[in-house]
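S.K.: Shown below is the structure under consideration.
Every number here is computed from the coordinates shown, using simple stated rules; none is lab data. Keep in mind the model is a prediction, meaning the values are calculated, not measured. Glycine also receives a Cβ, built like all others from the backbone with ideal geometry; neighbour counts cover every protein chain displayed.
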Amino acid sequence: MNDELKYLSQRAAIGRLSRRSFLGRASALGLTAATANTMLAGAVRAAGPQTGGTIRVGIEGASTTDSLDPATTTNSAGTMVSRLWGEPLMILAADGSLEPRVAESVEASADAKTWTFKVRSGMTFSNGKTVTADDVLATIERHSGEDTKSGALGLLRGIASMRAEGDNFILELDQANADLPYLLTDYHLMIQPNGGKDDPTAAIGTGPYILKSMDMGVRVVAEKNPNYWNAGELGHADTVEIIVINDDTARVAALQSGQVDMISRVPPRTAGLIGRVPGVTVHSTAGPGHYVFIMHCNTAPFDNNDLRLALKYGINRQEMVDKILFGYGSVGNDSPINASYPLFSEAEQRAYDPDKAAHHFKKSGHDGPILLRTSDNSFPGAPDASALFQQSAKAAGIPLEIKREPNDGYWSEVWNKQPFCTSYWSGRPVQDQMLSTAYLSSADWNDTRFFNEQFDQLLVTARAELDLAKRTQMYADLSTIIRDEGGLICPMFNDFVGATSDRVDGWIDGHKGFGMMDMQAPLKMWATA
Amino acid sequence: MSPILKLLAQRIALGLLLLFLVSILIFAGTIILPGDVAQSILGQSATPEALANLRAELGLNDPPLQRYLSWLGGLVQGDLGTALTSGQDIASSLGNRLKNTLFLAFWAAIISVPLAIFLGLLAVRYRDRWPDKLISAVTLASISIPEFLIGYVLMYIVAVKLRWAPSVAMINDSMSLGQKLNSIALPVAVLTLVVLAHMMRMTRAAILNVMQSAYIETAELKGMSMFVIIWRHAFPNSIAPIVNVVMLNLAYLVVGVVVVEVVFTYPGMGQYLVDHVSKRDIPVVQACGMIFAAVYIGLNMIADVVSILANPRLRHPK
C-alpha cells in the first residue's frame, strides 16, 4: 500500500482527519471511493474501539405497554434494553459459539443430564450486591415456576431439580440435553438479585450499563456501569440512548438527519435507496427467521402427503425472495433450519416444479379450491406472497383461494387454529430448540399438527448425543423428515436489515442470533465522532 | 346569586352529568371489545398455563357491574388503577403523556389561533381580491393534504435536507424550554397547517355575515378605515361562532393528533392510547377515554360560556 495513503487512513482512524477529507485525498491519489472506504474501515478496526461518547439507537417494535421485567419481554427493543443492564449465564458470540457471562465456566456430566455452572467470582450487581449462586438459582426458579408468566417457561420444562452449592449452580435434567447452555442464553433469563423475585422491574443486573431514564416504548437512557467486570470488551460508549421510532419512514429520516446513529429493521423495499445516502451503511445479516405457509397435517385435505407435496412444489421460492424480500433473504427448503444454525448440513434444494406439483395434486385425488388465510401482520408482505403463491400454484392446476383476515386477533383466532395460513418464525439459537418448540408431537406450538413418532424419537436421541458428527447427521435426517412429510412450506428466510451511520463503528458482519448483532450492537460498537 | 354565576354552575353540573353518562358508555364499550386481554398481552408466545395464570391475576373473571363500580369509585378519588400490561400506575404515566400532549397543543394553538383569525380578518379586508384568494387557496390546500404526508414532506425538507429542526420530536424533562420548542417545531408546523383553514374560513364567513348589517354602513359613513371597522365593530359581534370553531379545533389538537404523534415519534397521549387498545389494556383505554371526553366537554363548555358572555342579549335574558 502507498505509504501516504496508509498515513492518511491512520490519521482518519484516530480522528485527526475527517472521513470526508480522507476520501477526497484518497480519490486524488487514484483510489475508488469503495476501496477507500474499506481501507478506512480496516484502519478504524485496527485502531480498536474508542471509549466515550454517546450511541443513539432508533429501534422499532416497542410499545408503551412494555414492562422492564425481562420475563415478559417480547420484542427487540425490550431485548436490547435487557442486554444493557443485565446478562444471562452465557451469551451467543458473533460466530454462534458461547461466551461466558455470569457463569465463568460450565461442565456437563457424561450423560448430559447434570450441568454445573460456576458463578464468576467477585462479580457485583449494579446495586453493589455480590452475585451468588443463590441469585442464579432464584432467577431460574422465577422463570420456571408453576405460576410464572415468563416467556422462557417453555425452554425450562425439562428441569428435574436445581440447587446452589457454594459458587456452583447445578441443574439436573429429566432427559439429557446437550444444548442446555444455549437455552440459557435466552434473553428472558437475565440474572437478577434474588432472581428478581422482590422487584422484577428494577433493571438491576450485571450488564455494562445502568439505566438512568426509562420511559418504556419511548426512550431509555443508560450510562456506563463503573464497576462492570468486562469493561474494555463491552460497553465502549459512555451513554447509550434507545429511542423507539415505530414508523419506518420516521426511523430512516432520523438516521439520515443524524438524530440516531443506528436503526433496526430497515424496510427491504427501500434498503437499496438508503444504502446510497452518504455516511449511511445498510447491513444485511442472514438469520434463522423465516416466513411460512403452514398446513395442519391432521386436517383434510392436508392430511394427504401428496397434497402437501403438490403445494410444496407449486411455490416459487426465488420469486418470493426477489419480490417479497427484495433480495434481502435466501430461499428456504421446507425445513425451519438453515445455515445460520450450528450443525447444519446442506440438503438438496427443492425448486418450483409445476409438473411435479400437478402430478402430486392429481395423485392426492383432491378436487376444488384450497383456502389459504393470511393477514398483513402474519409477516410483512404476506398478502402479496399469498397472491404470488396463488399464481404459481395455478400454473400447476392447483386452485388456491385467499382469505384476508384482520390483524386483530390473527394470532389467537387464525394461527394455530385454522388448517392453512401464513405465519412467521423468528427462529431459535439451536436446532433442537426450534424443532422441539414447533415440530415435536407434544410441542405447545406444533402449528403444523405434525405427529411423527420416528421424528420424536430421533429428536430426543439427538438431544443426548455429545458426538458432534453423529448429531449433525441426525439433524440432517430430522430436517429431511420435515421437508418431505411435514406441513411446513418455507419459501424464504428473511435477513435482518439494519443500518448504521459513520458516527459509529465496530459493526460485525454476520453476527449470529437476532438482528442488530443479536441486539448487542450498542455494547459492541463504539462512537467515532 | 348573579345570573352569570348561576349559569356557570348550571353548565358545570351539566358537564359532570354528561361525563358520568360517558363513563357508562366507555365502560360498556370496552367490555364488549372482542379479544382477550391475556391473549393479547402474551401474543404468539402464549401457552395455556401462562394464559390462565395471567387471567386470574388480572381479575378478568369478576362480573362486569362489580368491576364498573369499583372503577368508578377509584375514578372519583383520582385513582385510575394500574395498567394491565406493564403494571405501572396509570395516573402517573398518563399524567406525563397528557402534559406532553397539552404542551404540543398549547404551542400549536398559540401559533394557529391568532394566525387563523388574523388571516380571516385580512381575507375580509381584501375580500375577493388576490390576498383573499391566496389565503383561501393555501389554507384549503393544506387541510386537504393528509397530515402524515405534510409531516413527511416537512421532515424531508426541513430535517433531512436543511437540518433546521429534528425529525424526531422527542422531549424530556432534562431539556430547556428552547430545546423543547426546537424539538416540536415540525409537529407544531404540521398541526398549524391542519387546523388553520377551518378557523380561518369560519372567521371570514362570520365577519362577512356581520358586514352586511346596517351599523357597519354607518361606521363606514363615519369615515372609519376598513380594518378598524372590522376589528372594532364586526369582530366582537361574530365572536360566538369563531369561539365555537376555535374550541373544536383545540379539542382536535388534544385528542386527534395520533397520526402526527406517530410520524414524529412524539410521546403524547395518542400513541399511548393506540398501544394500549391493541393490547386490550382496558383500564388505560378507559382512563384515556375519560380524559378525552373531559377535554371535549370542558372546551365546549368554555365555548358556550364565552359566546353567552360575548352576547348582551344572552347575558341579560328577559
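S.K.: Give me, ordered by chain and number, the residues 5 or more places off A:Y424 or on other chains with an amide H under 5 Å from its own placed amide H.
M.R.: The answer is A:V292.
S.K.: Going by the alpha-carbon gyration tensor, a ≥ b ≥ c the square roots of its eigenvalues, is the range A:87-196 rounded (a/c under 1.5) or, if a/c is not under 1.5, prolate (a/b greater than b/c) versus oblate?
M.R.: Rounded.
S.K.: Same structure, new question: Against the longest principal axis of chain B, how steep is helix B:130-144, in degrees 0 to 90 to the nearest 10, with axes from Cα atoms?
M.R.: 10
S.K.: On to the next question. Normalised radius of gyration for chain A, please: alpha carbon Rg relative to 2.2 N^0.38 Å, two decimal places.
M.R.: Normalised Rg, Cα atoms only: 1.03.
S.K.: Calculated from DSSP H runs of 4 or more alone, at -39500 (n - 2.57) each and per residue, what is the 222 nm mean residue ellipticity of the protein assembly as shown, nearest 500?
M.R.: Working: 33 runs with 396 residues, N = 847.
Calculated at 222 nm, the ellipticity per residue is -14500 deg cm²/dmol.
S.K.: So, R0 is 51 Å and r is the distance between the beta-carbons of A:A351 and B:A205; what FRET efficiency does that work out to, to 0.05?
M.R.: 0.15
S.K.: Among all lysine pairs in the range A:363-491 that are eight or more places apart or on different chains, how many have alpha carbons less than 28 angstrom apart? Write out the running numbers ahead of the final one.
M.R.: Values: A:K363/A:K394; A:K363/A:K403; A:K363/A:K417; A:K394/A:K403; A:K394/A:K417; A:K403/A:K417.
The number of close lysine pairs in the range A:363-491 is 6.
S.K.: Also, quick follow-up: Would you mind checking the range A:106-127 for residues with the amide N under 19 Å from a putative spin-label position 7 Å along Cα→C-beta of A:D199?
M.R.: Under 19 Å, as judged by backbone N against the label point of A:D199, lie A:124-127 of the range A:106-127.
S.K.: If I model a spin label at B:V305 and B:R11 as a point 7 Å from the Cα along the Cα→Cβ vector, what separation in nanometres do I get?
M.R.: According to this spin-label approximation, the distance is 0.6 nm.
S.K.: Please rank B:K161, B:K279, A:K224, fewest neighbouring Cβ atoms within 10 Å first, as an exposure proxy.
M.R.: B:K161, A:K224, B:K279
S.K.: Moving on to the next point. Which percent, to the nearest 5, of DSSP beta bridges fully inside the protein assembly as shown are antiparallel?
M.R.: If I count the DSSP bridges inside the protein assembly as shown, around 80 percent turn out antiparallel.
S.K.: Restricting to Cα pairs below 8 Å that are 6+ residues apart, what does the relative contact order work out to for chain B? Please round to a whole percent. The partial results should precede the final answer.
M.R.: Values: 320 pairs, mean separation 84.1, N = 318.
Here the relative contact order equals 26 percent.
S.K.: Please say if the range A:379-529 is rounded, prolate or oblate, where rounded means a/c under 1.5 for a ≥ b ≥ c the square roots of the C-alpha gyration tensor eigenvalues, and otherwise the choice is prolate for a/b larger than b/c and oblate otherwise?
M.R.: Since a/c reaches 1.5 but b/c is at least a/b, the shape of the range A:379-529 is classed as oblate.
S.K.: With chain B treated as a Gaussian network of Cα nodes joined by springs under 10 Å, which of B:G178, B:G256, B:G298 yields the largest mean-square fluctuation?
M.R.: For chain B, modelled as a Gaussian network with Cα springs under 10 Å, the answer is B:G178.
S.K.: Taking θ = phi - 60°, what integer Hz values does the Karplus form 6.51 cos²θ - 1.76 cosθ + 1.60 yield along the range B:211-227, in sequence order, with x for Gly and Pro?
M.R.: My calculation for the range B:211-227 gives 4, 6, 5, 5, 5, 5, 4, 4, 4, 4, 5, 5, x, 6, 6, 4, 5 Hz in order.
S.K.: In terms of Cα to Cα distance under 18 Å, which lysines are near enough to A:K197, apart from those fewer than 8 places away along the same chain?
M.R.: Filter leaves A:K129, A:K149.
S.K.: Starting from the Cα of A:D111, step 7 Å along the direction of its Cβ; do the same at B:D173; then give the gap between the two resulting points in nm.
M.R.: 5.7
S.K.: So, one more: Name the lysines eligible as straight-distance cross-link partners of A:K524: C-alpha to C-alpha under 22 Å, and not fewer than 8 places from it in the same chain.
M.R.: Reachable lysines: A:K212, A:K224, A:K512.
S.K.: Let me ask you something else. Roughly speaking, what is the centre-to-centre gap between the range A:332-372 and the range A:53-100 when only Cα atoms are used, to the nearest Å?
M.R.: Using only Cα atoms to place each centre, the spacing works out to 35 Å.
S.K.: Still on this structure: What's the FRET efficiency of B:N182 with A:D215 using the Cβ-Cβ distance as r and R₀ = 22 Å, to the nearest 0.05?
M.R.: Rounded to the nearest 0.05, the efficiency is 0.65.
S.K.: Continuing with the same structure: For the range A:239-303, go through all pairs of different Cα atoms, get the mean of 1/r, take its inverse, and jot down that Kirkwood value in Å.
M.R.: 14.7
S.K.: Ranking request for peptides A:370-378, A:105-113: highest mean number of other beta-carbon atoms within 10 Å first, then the rest in descending order.
M.R.: In descending order of packing, they fall as A:370-378, A:105-113.
S.K.: Give the Cα extents of the range B:96-278 along the principal axes, in whole Å, largest first.
M.R.: Result for the range B:96-278: principal-axis Cα extents of 59, 32, 32 Å.
S.K.: Moving on. Based on the alpha-carbon gyration tensor of chain B and its eigenvalue square roots a ≥ b ≥ c, which shape applies: rounded if a/c is under 1.5, prolate if not and a/b is larger than b/c, or oblate?
M.R.: Because a/c hits 1.5 or more and a/b fails to exceed b/c, chain B counts as oblate.
S.K.: With a cut-off of 8 Å between alpha carbons and a minimum separation of six or more residues, what is the relative contact order of the range A:87-196 in percent?
M.R.: 35
S.K.: Averaging sequence separations of C-alpha pairs under 8 Å and six or more residues apart, then dividing by the length of the range B:167-263, give the relative contact order as a whole percent.
M.R.: Answer for the range B:167-263 is 31 percent.
S.K.: Just counting partner chain Cβ atoms within 10 Å, what average do the residues of peptide A:60-71 show around their Cβ? Don't skip to the end; give the middle numbers.
M.R.: Numbers: counts 0, 0, 1, 10, 16, 15, 4, 6, 3, 2, 0, 0.
Partner-chain Cβ atoms within 10 Å, mean over residues of A:60-71: 5.
S.K.: Report the charge-dipole magnitude of chain A in Debye, nearest 20, computed about the Cα centre from +1 at each Lys and Arg Cβ and -1 at each Asp and Glu Cβ.
M.R.: Taking the Cα centre of chain A as origin, the dipole is about 1620 debye.
S.K.: From the backbone phi of the range A:135-149, what are the Karplus-calculated ³J(HN,Hα) couplings (6.51 cos²θ - 1.76 cosθ + 1.60, θ = phi - 60°) in whole Hz, Gly and Pro given as x?
M.R.: In residue order, the calculated couplings are 5, 5, 4, 4, 4, 5, 4, 4, 7, 10, x, 4, 9, 7, 9 Hz.
S.K.: Taking every eigenvalue of the Cα gyration tensor of the range A:157-244, multiplying by 5 and rooting it, what semi-axes result, largest first, whole Å?
M.R.: 30, 16, 14
S.K.: Roughly how crowded by other chains is peptide B:161-174, in terms of the mean Cβ count from those chains within 10 Å of each of its Cβ atoms?
M.R.: Mean partner-chain Cβ count within 10 Å for B:161-174: 4.
S.K.: To continue, here is another question. Taking θ = phi - 60°, what integer Hz values does the Karplus form 6.51 cos²θ - 1.76 cosθ + 1.60 yield along the range A:390-404, in sequence order, with x for Gly and Pro?
M.R.: Computed from phi, the couplings for the range A:390-404 are 4, 5, 5, 6, 4, 4, 9, x, 9, x, 9, 10, 9, 10, 8 Hz.
S.K.: Let me ask something else about it. Just to be sure I understand: of the beta bridges DSSP finds with both ends in the range A:147-305, what percent are antiparallel, rounded to 5?
M.R.: Values: 17 of 18 bridges.
In the range A:147-305, approximately 95 percent of DSSP beta bridges are antiparallel ones.
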